[in-house]
Amino acid sequence: MNVDKKTQKYDRQLRLWHANGQTALETAKVCLINGTATGCEILKDLVLPGIGSFTVVDNKIVEGSDVGNTFFLVSDSIGMNRAQAVTEFLQELNEDVKGFHFSEDPIALIENQPEYFLQFSIVITTNLPEKSLLKLADILWNAKIPLVIVCTVGFIGYFRIALPEHTIVEAHPENIIDLRLDVPFPALEQYVKTFNFGALGSMDHAHIPYVVILLKYLEQWKRDHDSKLPSTSAERNEFKKLIQSGRRNVEEENFDEALASVWKACTSTKIPRQVEEIFKISSCENITAESSNFWIIARAVRDFAANEGLGLLPLAGNVPDMKADTPNYVAMQNIYRQKAKEDASAVRARVHNILNSIGRSTDSISDDEIDSFCKNASFIQVIRYRSLQEEYITEPKNADIGRWLQDLQENIVHYVLIRAMNRFYESYNRYPDAATFFLEDDAEEVSEEASNDFNTLKAYVNILLREWKITSYPEHLDNHIHEICRAGGSELANIASLLGGMVSQEVIKLITKQYIPMNNTVIFDGVRSTSSSYIL
Amino acid sequence: MAEIQMQTDVPTPQDGSEAANKDWYGRWSHLYKILDRRGPFADPSFTPGHGDVLDSSFIFLREILLNNCRVLVIGAGGLGCEILKNLVLSGFKNIEVIDMDIIDVSNLNRQFLFRPSDVGKPKAKVAAEFIMKRVADVKVTYYHGKIQDKDDDYYLGFQLIICGLDSVEARRWINATLVNLVGDEPERIRVLVDGGTEGFKGQARVIIPTITSCYECSLDMLGKQKTFPICTIANTPRLPEHCIEWASVIHWPKIRPDIKMDTDDPTHIQWLYEIALERAKEFNITGVTYSLTQGVVKNIIPAIASTNAIIAASCCNEAFKLITTAQPYLNNYMMYTGNEGLYTYTFEHQKKPDCPVCGNERVTMEINKEMTVEDFIEYLKERQEIQLKRPSLSHATTGEKIYWQSPPLFEQRTRPNLEKMLIEMVEQGDEITVTDTTLPFSLQIVISYT
């Protein structure tokens, strides 16, 4: 048996984020503020895949209602410290994960000892008031530690990521093929020349890799057309006819594959716009001793493209499967791989030069990291999140919110309600909580208390709308105000678990720096079973 | 949206009060806020309680939920564990779970009701026992076995069925069974909530048999199974996968004809890995690893805790809404994708009029006159929307066997027909009955030659 227990246990996830992603997870220190039902569900989905450690910061005492909606509590936990109680049950999920609890009031901790949070790789909060949130967000932002803010109420879930910058090399795109058909490199041209189609027997002819077929006919086309590729659809059709003319019979699948790729072959290979944009970011221009590995390699790749790369990114080197006999396929694959190797080694030399110039040792960035960057160069991503400060105070997205609010299908309305609900909480130290909605034939009248909650919450909604300079009140907000009053700050187990899944998945993407996390707010509506993401 | 009355045994208020007394103070307080109050989006038929006044309607709703609603959970794996937890925390107290699997070490990264010491034990049993140990005063019974072992009466005994399965076959079976159950009696409708995941993607849907689109209606949405042509595997391997397939499909039966390959046996995987590696070397192919070997021969689909949590929670949220009518339920499909941002797509999947399970139109296929019976069988196997593995064919009106895959006697007798032209056996406009051992129903196909 050549597979260890841990690899077996994590097999189904290693197939998604591989050993390097797993290592990143296993060294991550996650902090959860408030061990609510939602908070525990998030941790469950992080402990299972094996984060390094988690710490629950919470000074509340377990109540009967907590045991009702949290799987990681039992009735004997009532009266115990909540951080400690949930930590014990969460810890059981995975013996490889360390669990800690800190029975401190999070609000006081943020106020008096905010540096406490700088020890973590990521901080997740549930049910934190706006004022504490802003202070915590500020501290983590400066330390470049990701903050995830989470709230669930009734059937609604909300979460927000704040982080100055997130860079991704391994985005795992579904299609990563770069064959350079329009600009074949010398070794590839050389290889194509070794084929004499006319001299091949029928078996061999039906096994010419389609890449070779396309390159052969493109060469012929270019000879007859001023070295230009087919560019109009009429020209492409004519080019298809040219390929067809070389086909010996309809059974030749390799010719089908060639014909299906004509459009791709006639599209010019260039640096994708989103990568060009990344190269323009100042972090790529101004490399210092503080620059991250990502930016150092990005700079090296940019310089590579501008010089020996002849305007192109390093070649990825993957070849898709195609109808071909083994020796030809393997030979062609090796030609692409060899070119990818050469490109990567040129980038490596540039990385080493940069490292020398900023006084870092050349082995401080591994060859694997550089190779992986080169392989994924067309798909690198940089996400610059907006800060909470910008969203709440300095640059709220007034116009966007106003526009989104007009559309009844949008989920932005829940954002407005959650913000208003939090303001309500800060004033009254409780959530709006009353039956305020009745049908016309209901015998009951709305009690005075209930109508107070409705009106107070609506007043907070109006304050927010005014802050966002939204002048007319969208009438459909009334129903959502009723629904928030009905929910009364409740956390339903299903919504807690659903958000737990969504949040933990984004946290895994942030920690592993693989796949693309959302930017920056997601709202789930469990009434309509829809979700939306917004940049707020 | 379809109007559908959930079937429940109407309890009397007295029945429930005892059970309710076992709860500690505040146990259901989160839930009661929703259940006791009317909401602007809830169906007008929703009857909430009224604050603390213990009148009969108040008891009624809580009781339906807490004690009298019997829910069946199919699958105690990644989705199943989550579903069981969510149901008991949402007030469902009477649950049965079915699963035929035993616990494997690779389940532990997401199936959180299992511990390393449970490896080798039946999933359904361990899951049910864990839930009852952790959550007070709930009844979770289990059946360690196949869903096909159970009859119509068994399935009629539940108000709702939630599926967290990883097999297309089992889903088709339960779907067809629940559709067939209805007949002409709408009170025999049992709602099916179905979840499925694959890596960062998944879907949750509500199927109301005979009313909404069913699982069979949407078979064409399944991704195409990755298969490799046998001639590539035998003659022109190019990928590491081709070498692994060669080891398992061609080499194993030749070298070890007496040993049945068990993909759960690590020594078998090791053997295949070594053979595949050798073949890869011979052809200068790189990339054969133990993990890839295991992935290819077991057809492993990546699975993670987070996606399972999302999909299972969505299924349970729909179940809760369906049973309580506290909010409108999903009509009828939600897709989730998490690899690139976070994206859901909610839509109404349409019923297929010629769905072989819930439709009432016959399927007509346009067939080339030149097709042999064997060609036709291959053609059927390739059709995404019918997903057949080993179809057997008969003439629908004469009953004549065209080709039967089993039993061996019939296979032998009908094998010569494979080479015949289909048109020799089936005339223009005739109907063929197609059966497959994996299907609980037969397909009727009208043949139209072109």
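The values are calculated or read from the model by the stated rules, or taken from the named source; none is laboratory data. On a predicted model such as this, the values are computed, not experimentally measured, just so you know. Ideal geometry is used to build each Cβ from the backbone, glycine not excepted, and the neighbour counts take in all protein chains shown. Please note that ligands, DNA and RNA were not included when accessible areas were found on the heavy atoms of the full protein model with its side chains. Shrake-Rupley method; radii C 1.70, N 1.55, O 1.52, S 1.80 Å.
For A:Lys60, the aspartates and glutamates whose Cα comes closer than 18 Å to its Cα, not counting residues fewer than 8 places off in the same chain, are A:Glu41, A:Asp76, A:Glu88, A:Glu104, A:Asp105, A:Glu111, A:Glu426, A:Glu491.
Inter-chain neighbour count for B:309-322: the average number of beta-carbon atoms from partner chains within 10 Å of each residue's beta-carbon is 6.
Rounded to the nearest 10 square angstrom, A:Thr152 shows an accessible area of 10 square angstrom against a 1.4 Å probe. Under the simplified labelling scheme, the A:Arg384-B:Thr286 pair shows an inter-label distance of 3.8 nm, with each label point 7 Å from Cα along Cα→Cβ.
Looking at the protein assembly as shown, the accessible area is 42 square angstrom per residue; that uses a 1.4 Å probe and ignores ligands, DNA and RNA. Return the whole-Å distance between the Cα centroid of segment A:284-330 and the Cα centroid of segment B:31-48. So the two Cα centres are separated by 58 Å.
Dipole size of the protein assembly as shown about its Cα centre, with +1 on Lys/Arg Cβ and -1 on Asp/Glu Cβ: approximately 2460 debye, rounded to the nearest 20. Nearest 0.05, what FRET efficiency do B:Ser167 and A:Thr232 give at R0 = 45 Å with Cβ-Cβ as r? According to the calculation, E is roughly 0.35.
The mean count of C-beta atoms from other chains within 10 Å of the C-beta of residues in A:483-491, rounded to a whole number, is 5.
Spin-label pair B:Met335-A:Val250: with each label point 7 Å from Cα along the Cα-Cβ axis, the two points sit 3.3 nm from one another. For chain B, the longest principal axis of the C-alpha atoms and the axis of helix B:168-182 are separated by about 60°. As a calculated quantity, the FRET efficiency between B:Ser448 and A:Asn59 at R0 = 60 Å, using C-beta atoms, amounts to about 0.20. Heavy-atom accessible area for A:Arg236, with the other protein chains in place and a 1.4 Å probe, reaches approximately 50 Å².
When the pairs A:Lys375/A:Lys513; A:Lys6/B:Lys85; A:Lys144/A:Lys509; B:Lys321/B:Lys351; A:Lys509/B:Lys201; A:Lys216/A:Lys264 are compared against a 18 Å limit on Cα-Cα distance, A:Lys6/B:Lys85; B:Lys321/B:Lys351 fall above it.
Across segment A:452-478, the residues whose backbone nitrogen lies under 18 Å from the label position 7 Å along the beta-carbon direction of A:Gln406 are A:465-466, A:468-477.
Each part reduced to its alpha carbon centroid, segment B:126-154 and segment B:333-375 end up 33 Å apart. Computed from the Cβ-Cβ distance with R0 of 51 Å, the FRET efficiency linking B:Glu374 to B:Tyr343 stands at 0.75. Under 16 Å from a label point set 7 Å out along the Cα-to-Cβ vector of B:Arg415, the amide N atoms of segment B:355-379 belong to B:374. Taking each of A:Lys98/B:Lys121; A:Lys323/B:Lys381; B:Lys260/B:Lys352 in turn, the alpha-carbon distance tops 30 angstrom for B:Lys260/B:Lys352.
Counting only protein heavy atoms and using a 1.4 Å probe, what share of the accessible area of the protein assembly as shown belongs to carbon plus sulfur, as a whole percent? Ligands and nucleic acids excluded, carbon and sulfur give 49 percent. For segment A:503-536, accessible area lost to neighbouring protein chains reaches 30 Å² or more, against the chain alone with a 1.4 Å probe, at A:Gln505, A:Lys509, A:Tyr515, A:Ile516, A:Val527, A:Ser529, A:Ser531.
Ordered by 1.4 Å accessible area with all protein chains kept, B:Glu187, B:Glu282 run largest first as B:Glu282, B:Glu187. Chain B and chain A together bury an accessible surface of about 7300 square angstrom, both sides counted, with a 1.4 Å probe and no ligands or nucleic acids included.
Per-residue mean of foreign Cβ neighbours for B:231-237 is 3 (Cβ atoms of other chains, 10 Å radius).
If you put +1 on each Lys and Arg Cβ and -1 on each Asp and Glu Cβ, how big is the dipole of chain B around its Cα centre, in Debye rounded to 20? Result for chain B is approximately 1240 debye, rounded to the nearest 20. In this structure B:Lys201 has an accessible area near 80 Å², from a 1.4 Å probe over the protein heavy atoms. Shown are A:Leu200, B:Leu219, whose ranking by accessible area with a 1.4 Å probe and every protein chain present, most to least, is A:Leu200, B:Leu219.
Of interest is the spacing of the C-alpha centroids, which for segment A:56-96 and segment A:14-51 amounts to 18 Å. Taking Cα atoms only, the orientation of helix B:305-324 departs from the longest principal axis of chain B by about 50 degrees. Spin-label model, A:Ile463/A:Asn318: points 7 Å from Cα along the beta carbon direction are separated by 5.2 nm. Taking Cα atoms only, the orientation of helix B:78-89 departs from the longest principal axis of chain B by about 10 degrees. The share of C-alpha pairs in the protein assembly as shown whose separation exceeds 36 Å stands at 58 percent.
For segment B:72-90, accessible area lost to neighbouring protein chains reaches 30 Å² or more, against the chain alone with a 1.4 Å probe, at B:Lys85, B:Leu89.
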